[in-house]
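Chemist: I'd like to ask some things about the structure below.
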Amino acid sequence: MRPQLDILLVEDNEGDVEMTRRALTTAVPPVRMTVANNGNQALECLHKEGQYEGGKTPDLILLDINMPRMDGKAFLNVVKESTEFRSIPVVMFTSSESPADIRECFERHANGYVVKPFDGTEYAKTLRQVVSFWGSTSELPS
Amino acid sequence: MSAVTPNRSEYAPGMAGVTPPRILIVDDRRENLLATQALLRPLGAEIITADSGEKALNLVLKTEFAIVLLDVQMPVMDGFETAQLMKTRPSMANVPIIFITAISKEDHFATQAAQIGAVDYIFKPINPDILKSKVSVYLDLYRQREQILQLNASLRQSNEELERFAYVCSHDMQEPVRMMNSYATVLTEFAGDELSDDSKRYLDYIRDNAVRMQKMIRDILNFSRVGREEVKLEVVNCREIYDEVVHEFHDTIVRKHAVVMSDGLPILKTSPTLMRVLLQNLVGNALKFQDGSQPPEVSVTAKREGHLWRFDVADNGIGIDPAFSSRLFTIFQRFHREDDYPGTGIGLSTCRKFVRLCGGDMSFTSRPGEGSVFTFTLPDGD
């Protein structure tokens, strides 16, 4: 197991950011979470620019679809087409259960697609499972 | 306005009424053309003339006409031959042709004209009033047809807009509703001990209603997905899908001591999503609409009828009041209180929309107090 998992959460809804933060305080392995509110900010984070200067490249990206400016699918495209970043696993974390969205994200090489559970308790549990899988069960590129 | 005929299937709204209908007059004698033209001018149509069958055929290739007046006796290609060739064009199939003749007055000529698809066979000398009134009837018909096409196109467009609206709306509503529900939970956990019993109850109201709204949103999304997303046909083992659906209802079946059985469920080529949606809704309804006085009995049977498969889902439930029957498949129609029989009023309309999209149909029979049978048909995709 990794001592710590660095997660980039790309999410515009403050309520979701807060829910995620709360859920991951008890995650195993422990999580250090960085937040970007849209694709453009997330790119700044990957390039360690602006407010993200001096940061670390994330081990895992949790990505919402519906966001202003650069949305999740566009950002996913950029990441998976970049030789520098495409090895970072990207797990979609979204309200959309649309089969078309699911198909489209996997076609763009998303590494997972998780629908945000409606129930608050399930929401937290699901997030901790995601962290447990990527931080413990799965190996990650170093 | 160009002379190019708009394609019927993508007919743009607002086109009819802009272009006057066109009349094509075909006669090898110029004086006849001029006379008929003068006679019909007051009808308000655009009049186009041709002095031979060949020229007439060339014109119908490029232009749409409301009616064609065709002289029978012409050199090289006579009226009959011209009409026959015209009628081979799909765009001409519904265009009325009136033959005008000075010589071929025998019955068998009129018969031949009718066989080609002519609507009338008129002798010269022409009675101007009669010709005018006949042509004007066909022009009216043409205008009415154009109006209907235009109306259909705009209806289709507004329907598509509405569906798109419903889809986008419900899609975007998912997140705020989820947030309300989640934070009601967080608040309960957070401030549990400090909350009064009333406060806890109010938080429960928020949560219950958020859950209900989420169900509605999900059902609306499923409804609007039917027709938006491509239907994939596969070889479907209906018995397997039935078993899965029954498994999903396991808890309800045990709790209500229900008996659910099937017979003759086929393997056919259809949409597995459709089959699942149908069985989930119909078996679910059969188990739900029960008054509890007896254990529910549900049977799902299928048999072949011609090129269709007919499925019956029968129950011994409360049945359907005949007063509601005409609105049963209408979206958002509910006939019971939420507390008695919860639901969104979307399931059956989704089912019928989906079945019709796949080339089948859906109906029901019912006796209040005795039960209902929901029937749907599906073509075997092979």
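Chemist: Take A:Arg32 and tell me if it is in contact with a Lys or Arg (Cβ under 6 Å, 6 or more places away or on another chain), under 23 Å from A:Ser136 (Cα atoms) and of a type outside the set (S, T, N, Q).
Modeler: no
Chemist: Only residues that are of a type in the set (Asp, Glu) and within 9 Å of chain A (Cβ to nearest Cβ): list them for the range B:174-193, please.
Modeler: Once the filter is applied, which keeps residues that are of a type in the set (Asp, Glu) and within 9 Å of chain A (Cβ to nearest Cβ), the range B:174-193 yields B:Glu175, B:Glu189.
Chemist: Out of B:Thr36, B:Thr49, report the one residue that is outside any strand (DSSP E or B), touching an Asp or Glu at 6+ places or on another chain (Cβ under 9 Å) and closer than 18 Å to B:Leu139 by Cα. First the steps, then the outcome.
Modeler: Numbers: B:Thr49 fails: outside any strand (DSSP E or B).
After applying the criteria, what remains is B:Thr36.
Chemist: Does the range B:269-286 hold any residues that are more than 24 Å from the chain's Cα centre (by Cα) and surrounded by 20 or more Cβ atoms within 10 Å (Cβ to Cβ), and which are they?
Modeler: The answer is B:Val283, B:Asn285, B:Ala286.
Chemist: Within the range B:295-312, how many residues turn out to be assigned to a strand (DSSP E or B) and closer than 20 Å to B:Lys269 by Cα?
Modeler: Taking the range B:295-312 as the starting set, the residues that turn out to be assigned to a strand (DSSP E or B) are B:297-305, B:308-312.
Within this subset, residues satisfying the condition of being closer than 20 Å to B:Lys269 by Cα are B:300-305, B:308-312.
Adding up the residues that qualify gives 11.
Chemist: With respect to B:Gln174, is the statement that it is of a type in the set (S, T, N, Q) and surrounded by 16 or more Cβ atoms within 10 Å (Cβ to Cβ) true? Spell out how you get there, then give the answer.
Modeler: On the way: of a type in the set (S, T, N, Q): yes; surrounded by 16 or more Cβ atoms within 10 Å (Cβ to Cβ): yes.
It is true that B:Gln174 is of a type in the set (S, T, N, Q) and surrounded by 16 or more Cβ atoms within 10 Å (Cβ to Cβ).
Chemist: Moving on to the next point. Run B:Asp129 past the list (1) modelled with pLDDT of 90 or more; (2) away from chain A (no Cβ under 12 Å); (3) surrounded by 13 or more Cβ atoms within 10 Å (Cβ to Cβ) and report the number of the one that doesn't hold.
Modeler: Answer for B:Asp129: the failing condition is (3).
Chemist: Among B:Val95, B:Val60, B:Val76, which is surrounded by fewer than 17 Cβ atoms within 10 Å (Cβ to Cβ) and either under 21 Å from B:Leu40 (Cα atoms) or out of contact with any strand residue (DSSP E or B) (no Cβ under 9 Å at 6 or more places or on another chain) (or both)? Steps first, answer last, please.
Modeler: Details: B:Val95 fails: surrounded by fewer than 17 Cβ atoms within 10 Å (Cβ to Cβ); B:Val60 fails: surrounded by fewer than 17 Cβ atoms within 10 Å (Cβ to Cβ).
Only one candidate qualifies: B:Val76.
Chemist: I'd like to know if the range B:201-215 contains one or more residues that are away from chain A (no Cβ under 13 Å), part of a helix (DSSP H, G or I) and of a type in the set (D, E, K, R).
Modeler: Yes, the range B:201-215 contains a residue that is away from chain A (no Cβ under 13 Å), part of a helix (DSSP H, G or I) and of a type in the set (D, E, K, R).
Chemist: Select from the range B:321-336 the residues that are among the aliphatic types (A, V, I, L, M) and either surrounded by fewer than 14 Cβ atoms within 10 Å (Cβ to Cβ) or over 16 Å from B:Asn285 (Cβ atoms) (or both) and list them in ascending order.
Modeler: Correct list: B:Ala323 only.
Chemist: Is it true that B:His171 is under 30 Å from B:Asp204 (Cα atoms) and assigned to a helix (DSSP H, G or I)?
Modeler: It is true that B:His171 is under 30 Å from B:Asp204 (Cα atoms) and assigned to a helix (DSSP H, G or I).
Chemist: Could you tell me whether B:Asp219 is more than 9 Å from every other protein chain (Cβ to nearest Cβ), in contact with a Ser or Thr (Cβ under 6 Å, 6 or more places away or on another chain) and charged (D, E, K, R)?
Modeler: When the stated conditions are applied, B:Asp219 passes them.
Chemist: Where residues in the range B:337-355 are farther than 16 Å from B:Asn281 by Cα and free of Cβ contacts under 8 Å to residues at least 24 places away in the same chain, which of them is surrounded by the fewest Cβ atoms within 10 Å (Cβ to Cβ)? Full working, then the answer.
Modeler: Residues of the range B:337-355 that are farther than 16 Å from B:Asn281 by Cα, as a first pass: B:337-340.
Applying the additional criterion that residues be free of Cβ contacts under 8 Å to residues at least 24 places away in the same chain yields B:337, B:339-340.
On the way: B:Arg337: 8, B:Asp339: 6, B:Asp340: 10.
Checked the range B:337-355; the qualifying residue surrounded by the fewest Cβ atoms within 10 Å (Cβ to Cβ) is B:Asp339.
Chemist: Okay, next question. Among B:Arg225, B:Arg218, B:Arg304, which is the only one that is more than 30 Å from B:Ile318 (Cα to Cα), basic (Lys, Arg) and out of contact with any Pro (no Cβ under 7 Å at 6 or more places or on another chain)?
Modeler: When all the criteria are applied, what remains is B:Arg225.
Chemist: Step by step: first the residues of the range A:102-129, then only those that are crowded, with 20+ Cβ neighbours inside 10 Å and in a helix (DSSP H, G or I), then the one that is farthest from the other protein chains (Cβ to nearest Cβ). Which residue is that?
Modeler: Per the stated criteria, the residue is A:Cys105.
Chemist: When you go through (1) within 17 Å of B:Arg218 (Cα to Cα); (2) touching a Cys at 6+ places or on another chain (Cβ under 8 Å) one by one for B:Gly343, which number turns out not to apply?
Modeler: (2)
Chemist: Now for a separate question. Take the residues of the range B:222-241 that are in contact (Cβ under 8 Å) with a residue 60 or more places away in the chain and in contact with a helix residue (DSSP H, G or I) (Cβ under 8 Å, 6 or more places away or on another chain): which is farthest from the other protein chains (Cβ to nearest Cβ)?
Modeler: Top of the filtered list is B:Cys238.
Chemist: Next question. Can you pull out the strands (runs of 3 or more DSSP E) entirely within the range A:4-99 that have at least 2 residues that are in contact (Cβ under 8 Å) with a residue 40 or more places away in the chain and either aliphatic (A, V, I, L, M) or more than 13 Å from chain B (Cβ to nearest Cβ) (or both)? Outline the logic, then answer.
Modeler: Values: elements: A:5-10, A:31-36, A:60-63, A:90-94.
Qualifying strands (runs of 3 or more DSSP E): A:5-10, A:60-63.
Chemist: To continue, here is another question. Go through the range B:313-349 and count every residue that is assigned to a helix (DSSP H, G or I) and within 23 Å of B:Ile253 (Cβ to Cβ). Step through it out loud before you land on a result.
Modeler: Going residue by residue through the range B:313-349, those that are assigned to a helix (DSSP H, G or I) are B:322-327, B:347-349.
Now narrow it down to the ones that are within 23 Å of B:Ile253 (Cβ to Cβ): B:347-348.
Adding up the residues that qualify gives 2.
Chemist: For the range B:105-121, give me each residue that is modelled with pLDDT under 90 and assigned to a strand (DSSP E or B).
Modeler: Within the range B:105-121, no residue meets the criteria.
The values are calculated or read from the model by the stated rules, or taken from the named source; none is laboratory data. Treat the numbers as computed from the prediction; the structure is a model and nothing was measured. Neighbour counts are summed over all protein chains in view; Cβ atoms, including those assigned to glycine, are modelled from backbone coordinates with ideal geometry.
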